[in-house]
Structure formats: C-alpha cells, structure tokens
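Chemist: Here's a structure for you.
The values are calculated or read from the model by the stated rules, or taken from the named source; none is laboratory data. It should be emphasised that the depicted structure is a prediction, and the values quoted were computed from it without experimental measurement. Here the Cβ is made from the backbone with ideal geometry for all residues, glycine too, and neighbour counts use every protein chain on show. Note: areas computed on protein heavy atoms with side chains; ligands, DNA, RNA excluded. Shrake-Rupley method; radii C 1.70, N 1.55, O 1.52, S 1.80 Å.
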Amino acid sequence: MSIDPQPQFDLSFNNTLGVPARAAWYAELHEASDLPLLVRWAKEHDMAVRALGGGSNLVMHEQVSGLTIKVSIRGKTRIDSGSSRQRWRLGAGESWHETVVDLIEQGGSGVENLALIPGTVGAAPVQNIGAYGVELADCLYRVEAYDTQENQWRQFTREACEFGYRDSVFKQQENRFIITAVELDLDQEFQPRLSYGPLQELANLPDLNARDVLAKVIEVRQSRLPDPMVLPNAGSFFKNPVITSETYSALVKNHPNLVVYAQPGGWKLAAGWLIDQCGLRGQSNVDGVGCYEHQALVLVNPKRAPAASIQAWQALVQGAVLERFGVELEPEPRFWA
Ligand code: FAD
Ligand code: NAP
C-alpha cells in the first residue's frame, strides 16, 4: 500500500469547531485507487473507517476511534460535449467554495446560491448542502463512492442518493460510502433564484447574471456568519424542525409571531428564531461555548473547548426550546467518538 496510516494523529486543526481531538489512526487519500487497500487494512485491524473532508460539520470527541481517511482527491474536468448544460466531474477533495467560483467563471450557473459553504465537494451530497433556496440535489448528476460494507465501487444517480432536506442515503447509512467523485450538471442559461430576502433586491438589476448573485451571497454571508478561522463554529448547529399543520395551528395560538415557511409535508420553523426567543442569543457557558450574537443557530467555541462543553450547551438549548415551544431540536453536525 502506498499510504501508511499514522497513529494518534492530531485533528484539532481539522475541525472548524476547534475542539481538541486525536484520530486513533489517520491516512490521507490522494488517489481513489488506494481506497480499497486502506479499507482492507482497517478491516484486518478490526477498525471502523470514516471519511473526513474539511471538518466543518463535525463534533469530534478527544479520542476518535478507528481509521480516519482524509479525502484529498483533486480534479475538475468538464465532461459534456457542449450541449445546453455543462457537466463537470469533480474530485471529492476539492474545496466546495473554490469549485463554485471556478464553475461560475467558466460560464456555468446553478450553484451561485451555494457559495461560501465551507468543506469539500465530497461532503456536499452527504447532507445535500443547501442555502438561499437552492440545494445540491438541484444540479447533481451522479456520485461515485466506495461501499466499505460490500467492498465495491458504486455509482449513485440523483434518485439513488435519496436526497431530502439536509439529508441523503450517505447520511442515513453513515460511514458506509466514501465518496471519491461528484458530477454536476450546470445551466448554460442563467436562471436566477432570488426568493430569499437578501437576494430579492437583485431582481431589478439589469442584465443580472450568476456572478452578481455569487457576489451578493458572499457579501451577505460574510456580514452575517462567523468565519471559523476567527471564531470556531460548525455553521447551523440544529436543523430547522418541520412540523405538521396540526402542530403549527396549536403553536401559533400561543406564539402569534412564530416564524414559519411552507414546506412539502408541513411547516418549517426557523430554529434560530426559536433559540433567540429563549433569550440565548449571545449567551455562553463558563467554557465560552454559546450562541453567536448575530445568529443564535450557530454555536461558537472561542476557547476551543472540548466536545463535552459543546454537548452541555447543546442540551441547554434543546431543553429551553422544548420547554418554551414543545419542539425538539435535532443537531445537524455528525458526532465522532
Ligand atoms: P466534514 O465535516 O469533514 O464531514 C461531514 C460528514 O460528511 C461526516 O459524516 C463525514 O464522514 C462525511 N464526509 C465527508 N467527506 C466525505 C466523503 N468524501 N465521502 C463520504 N462521506 C464524507 N451546510 C449547508 O448545508 N449549508 C450552508 O449554508 C452551510 N453553511 C455553513 C457555514 C459555516 C460557517 C460552517 C462552519 C458550516 C456550514 N455548513 C453549511 C455545514 C458544512 O459546511 C457542510 O455540511 C459541508 O458540506 C461539510 O463539508 P466538510 O468537507 O467539512 O465535511
Ligand atoms: P436567514 O436568511 O436569516 O433565514 C433564517 C431561516 O429562515 C433559515 O434557516 C431559512 O431556512 C429560513 N428562510 C429564510 N427565508 C426563507 C424563504 N424565503 N423560504 C424558505 N425558508 C426561508 O438564515 P441565515 O442564517 O442568514 O442563512 C442563510 C442561508 O444559508 C440559509 O439558507 C441557511 O440554511 C444557510 N446556512 C446554513 C448553514 C448550515 O450550517 N447548515 C449555516 C449558515 C447558513 P433554510 O435554512 O432552510 O434555508
């Protein structure tokens, strides 16, 4: 095998929450062809395997068991034959944001609303990343992954990915599939998606194009969200709960100013608003873990406290929202122990 797994590898700077963590075993994957050997090595040593991208959606415990495989496969190739869409094949280790910028520079569109989401291309299908009314599923053509259970390569069409709201087959069957390449279909003809408040003002811009939307999304995100390099965080810490019409009717009686959005299958509550109403925005515990002052949904960890402190604050927030609204908040990041 061309890659030797290393023991006790420091992951403290491989997770954007900044928690102190070590991988029992760690290897960096540059070539997809090395993956079956690495998985076999882990099985021979009776270890679980996990794929690591940019660590921007993870809460790591101080000791992470098994073999952590950092996916660093590069590559961006246009593979269509000049039809009405651009098809791109992307290595799973490419930076998602840099890829968005590159593809728009190349005249494609459809991913501009997803700019500045941290992490890698390979992690994007895992939670079907979404922002400003667009999700990865809207432009995904195919995913290539290694099935660590069946020891075989698999191709997933968009349907086979079983995408949902921040959900997919890769999240449902956590750690089973390691994604090595993603293929996207981009539009050649720009179709603006401006339904979210901060983007609506662009609607009147003459000759609006994908670059304008890209620039606006970057500007809005930089003004509202904390940069993990400056203030460690993992983005939205809780999913927005989706409730039934009956629950909505009952809730709105007691909370007439409830913030909700219609969603297939019910109503989506803004989790950040629920937390804010509990008076927790800008509050923190003794370790400094708390709710970001400009967006309560983002948990921040300025002192790089360990996972236990994050989970203590998580439980406090969940308890407060449950008591006030009777709604359970589900964490969005994955937990690694
Ligand atoms: P990691 O955190 O490394 O991993 C996350 C999960 O994906 C883990 O279960 C991991 O095992 C799995 N995984 C990673 N790589 C692979 C692979 N190659 N194959 C199989 N599984 C893999 N998310 C949104 O949806 N929308 C947003 O707007 C958004 N904004 C954010 C803003 C900030 C400031 C931050 C810190 C996070 C934000 N996120 C957002 C969350 C996060 O950036 C995304 O979920 C991102 O896709 C995670 O990528 P990653 O490479 O860091 O994954
Ligand atoms: P925001 O625009 O202040 O919106 C607050 C919440 O209301 C969001 O959760 C969003 O749901 C919902 N919302 C707002 N306008 C909506 C509309 N027109 N239709 C349906 N739902 C609407 O949120 P923000 O914190 O500044 O984030 C902006 C975007 O980036 C959001 O889409 C958010 O999901 C995304 N983001 C995600 C993460 C993450 O880690 N997952 C982190 C930062 C930002 P949705 O979340 O369903 O869009």
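Chemist: ASP46: closer than 18 Å to THR148 by Cα and surrounded by fewer than 21 Cβ atoms within 10 Å (Cβ to Cβ), yes or no?
Modeler: yes
Chemist: Further question on the same structure: Taking the condition of being exposed (fewer than 13 other Cβ atoms within 10 Å of the Cβ), more than 10 Å from ligand 2 (Cβ to nearest atom) and farther than 15 Å from GLY110 by Cα, how many residues in region 190-209 meet it?
Modeler: Here the count works out to 5.
Chemist: Run down ASP212, ASP185 and say which single residue is in contact with a Lys or Arg (Cβ under 9 Å, 6 or more places away or on another chain) and more than 12 Å from ligand 1 (Cβ to nearest atom).
Modeler: ASP185
Chemist: Here's another thing I want to ask about it. Residues in region 153-165: is at least one in contact (Cβ under 8 Å) with a residue 40 or more places away in the chain and away from ligand 2 (no atom under 13 Å from the Cβ)?
Modeler: No, the conditions are met nowhere in region 153-165.
Chemist: Among what's in region 248-267 and is open to solvent by 20 Å² or more (accessible area, probe 1.4 Å) and touching a residue at least 40 places away in the same chain (Cβ under 8 Å), pick the residue that is nearest to ALA312 (Cα to Cα).
Modeler: This residue is HIS255.
Chemist: I need the full set of residues from region 15-43 which are in a helix (DSSP H, G or I), open to solvent by 10 Å² or more (accessible area, probe 1.4 Å) and touching a residue at least 40 places away in the same chain (Cβ under 8 Å), in order please.
Modeler: The answer is ALA32, PRO36, ARG40, TRP41.
Chemist: Is it the case, given these coordinates, that LEU11 is closer than 30 Å to GLY108 by Cβ and either open to solvent by 40 Å² or more (accessible area, probe 1.4 Å) or within 24 Å of the chain's Cα centre (by Cα) (or both)?
Modeler: no
Chemist: For LEU67, all conditions in the list (1) out of contact with any strand residue (DSSP E or B) (no Cβ under 7 Å at 6 or more places or on another chain); (2) within 24 Å of GLN149 (Cβ to Cβ); (3) not polar (S, T, N, Q) hold save one; what is the number of the exception?
Modeler: (1)
Chemist: Restricted to region 50-74, and to residues that are assigned to a loop (DSSP other than H, G, I, E, B) and more than 18 Å from PRO118 (Cα to Cα), which residue is farthest from ligand 1 (Cβ to nearest atom)?
Modeler: GLU62
Chemist: Say whether the condition of being small (Gly, Ala, Ser), open to solvent by less than 10 Å² (accessible area, probe 1.4 Å) and outside the structural domain of ASN209 (by TED's automatic domain parsing) is met by at least one residue in region 84-91.
Modeler: Looking through region 84-91, none of the residues is small (Gly, Ala, Ser), open to solvent by less than 10 Å² (accessible area, probe 1.4 Å) and outside the structural domain of ASN209 (by TED's automatic domain parsing).
Chemist: Turning to a different aspect of this structure: Which of the residues belonging to region 97-106 are touching a residue at least 40 places away in the same chain (Cβ under 8 Å) and either open to solvent by less than 10 Å² (accessible area, probe 1.4 Å) or among the hydroxyl-bearing types (Ser, Thr, Tyr) (or both)?
Modeler: Listed by number, the residues that qualify are VAL100, LEU103, ILE104.
Chemist: Of the numbered conditions (1) open to solvent by less than 60 Å² (accessible area, probe 1.4 Å); (2) more than 12 Å from ligand 2 (Cβ to nearest atom); (3) of a type in the set (Val, Ile, Thr), VAL220 satisfies every one except a single condition; which is it?
Modeler: The number of the failed condition is (2).
Chemist: From the list ALA160, ALA145, pick out the single residue that is crowded, with 18+ Cβ neighbours inside 10 Å and over 17 Å from ARG85 (Cβ atoms).
Modeler: ALA145
Chemist: Also, I was wondering about something else. Out of the residues in region 294-328 that are over 24 Å from PRO20 (Cα atoms) and within 16 Å of ligand 1 (Cβ to nearest atom), state the one that is most open to solvent (accessible area, probe 1.4 Å).
Modeler: HIS294
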